[in-house]
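Report on the structure given below.
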Amino acid sequence: MVQTTRRRLASIGAAILASPAFVRGARAADAVRIGAIYPLSGATASAGTALRNALEVALDIVNNPHPDLAKLPLAAGSGLPGLGGSKVEIIFSDHQGNPATAQSQAVRLISQERVAALTGCYQSSATLTASAAAERYNIPFVAGEASAPSLTTRGYKWFFRTTPIGTHFGVAYADFLGLAKQNGIPVNTVAVVNENTEYGTSVSEAIIKAMQEKGLKISLHIPYSANSSDVSAQVLQLKDTKPDAVVFVSYTSDSILYMKTMHNLAYKPPVLIGDDSGFSDASFIEAVGDLAEGCINRSSWDIGKPGSVTSIVNEMFKKRAGHDMDDTSARGLQGFLVLCDAINRAGSTDKQKVQAALQATDLKADQLMIGYDGVKFGADGQNERAATLLVQLHDKNYITVWPEQAAAQPVKLPFQGWSN
């Protein structure tokens, strides 16, 4: 009887092991699933598509051997050695530029796709809601691009951000304008023009505060609707006020609209600064790069010399996207690599262990493919080693011009725009 029972249990066990349900479960356990929420349609789809390409490059770096990138954690081997060589899988989701959709997609990825962690969402307003869902479910969320300072003031324990934020940008812009004075461009008054979602509102507030602390006068502050189809009134305000410098905190479509409108209304400020986002997008450079000659932009990304880690990563991206990587895409790629490194060090997809690994992250500058001083998260989840450069558009290419010790060429002022 005992032997019969044992044979029967063995037979049942074998049947379970051979069943499709069990096989599917084993495969799901082998792959580490990460949810990535981006605007893959809508007004900012070009940025979302570039970020998708960037994360697919990151996936290649993690899942396949790249000895020429051996300085990057996980690049030299294949998969996650801390999880027995498990490969990483990305489940992409489209938030369409809608914060409510971003939140619902986060919930879907967590509850239905069973992802181990989330990343995204480019737009700070979408990151705000998606990360709130992750916090509710105790799921690690790594933001590689969203820069609104407010995101790391919520007391969250599961939210981590690798990118520099508006506070850093404001200080950089103010210090740069001091350099402009030394170059014979008197800058005393500044106008700040921002789209009115979480990104524009939070970043513009940080920029204004930093400017004022450096002794600069904010002569004009123009919040506008991110969905504006006509910005003539705003440009005429700028033309009438005549600030010495203008800072735009804008996404792609409105950045393009502002440059075209400024051209049509013959308005050029002495110094024009674009706060990354729309100004970094390849479609902005393609559409109005000839009108924006000499504009200043922030960036943590530089392609670098041939054969360098950054140059190799850029070539991988270019093969997929058909154009060079921009700053936004590079920051997203770096954030994803940091998340994969943490999961590997956790040796598990257990959310508490991944959270602890993120909290313990201590990456140095030479372990990154971007120009941060490293990655180490503070108690608020913000990368304390994030850093930014300023670049200038020259012949439809951005060249590093600040700080001076990192400059590839001297800054050229005043803003040239569409004529010599």
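Listing for the model above:
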| item | result |
| --- | --- |
| Simple Cβ-charge dipole of region 68-217, Lys/Arg +1 and Asp/Glu -1, about Cα centre, in debye nearest 20 | 300 |
| Gyration tensor (alpha-carbon) shape descriptor, region 281-420, a/c threshold 1.5 | prolate |
| Charge sum, other residues only, whose C-beta stays under 10 Å from PHE169's C-beta, Lys/Arg counted +1 and Asp/Glu -1 | -1 |
| Positive-end residue, the chain charge dipole about Cα centroid, Cβ charges, pick of GLY417, TYR38, ASN314 | TYR38 |
| In degrees, nearest ten, helix 309-321 long axis to first principal axis of the chain (Cα) | 80 |
| Prolate/oblate/rounded call for region 190-252, Cα gyration tensor, a/c under 1.5 rounded | oblate |
| Local electrostatic count, LYS268, Cβ distance below 15 Å [Lys/Arg +1, Asp/Glu -1] | 0 |
| Sorted largest first, extent of region 213-333 alpha carbons per principal axis (Å) | 49, 34, 23 |
| The chain - percent relative contact order, Cα under 8 Å, separation 6 or more | 17 |
| Net charge contributed by nearby residues that have their C-beta within less than 13 Å of ALA342 (K/R +1, D/E -1) | +1 |
| Counting DSSP beta bridges with both ends in the chain, the antiparallel % (nearest 5) | 25 |
| Reach of LYS71 by Cα under 26 Å, taken over lysines that are not fewer than 8 positions away in the same chain | LYS87, LYS305, LYS318, LYS319, LYS353, LYS364, LYS376 |
| Under Karplus coefficients 6.51, -1.76 and 1.60, residue-wise ³J(HN,Hα) of region 276-284 in Hz, glycine/proline x | 6, 6, x, 6, 8, 4, 4, 6, 5 |
| Cα centroid separation, region 291-352 to region 353-386 (Å) | 15 |
| More than 21 Å apart - percent of Cα-Cα pairs taken over region 35-127 | 39 |
| Mean Cβ count within 10 Å, highest first, over the residues of peptides 192-200, 318-326, 380-388 | 192-200, 380-388, 318-326 |
| Residue order, fewest to most surrounding Cβ atoms within 10 angstrom, among HIS263, HIS221 | HIS221, HIS263 |
| Point-charge dipole on Cβ atoms (K/R +1, D/E -1) for the chain, about Cα centre, debye to 20 | 1540 |
| Estimated distance in nm for a label pair at LYS214 and LYS396, the labels positioned 7 Å out from Cα along Cα-to-Cβ | 3.1 |
| Rounded to 10°, Cα long-axis angle of helix 2-18 versus longest principal axis of the chain | 30 |
| Estimated dipole of region 327-386 in Debye, rounded to 20 [Cβ of Lys and Arg +1, of Asp and Glu -1, Cα centre] | 160 |
| Contour minus Cα-Cα distance for ASN188 and THR153 (0.36 nm per residue) | 9.5 nm |
| Packing-based order for 72-83, 334-345, 227-238, 97-108, using average beta carbon neighbours within 10 Å, highest first | 334-345, 97-108, 72-83, 227-238 |
| Crossing angle, helix 99-111 versus the chain [Cα axis fit, 0-90 degrees, rounded to tens] | 20 |
| Straight-distance crosslink candidates among lysines, where the alpha carbon sits under 24 Å from LYS181 and sequence neighbours closer than 8 are dropped | LYS209, LYS214, LYS217, LYS239, LYS242, LYS268, LYS412 |
| Charge dipole of region 245-292 about the Cα centre (unit charges at C-beta), most positive-ward option of PRO270, SER250, SER283 | PRO270 |
| Sequence-distant residues sharing a close amide H with VAL32 (under 5 Å, placed H) | LYS87, VAL88, GLU89 |
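Bear in mind these aren't lab numbers, they're just calculated from the coordinates by the rules spelled out. In this text the structure is predicted, and so the values were computed from the model without any measurement. So basically every Cβ, Gly included, is an ideal-geometry build from the backbone, and we count neighbours across all protein chains shown.
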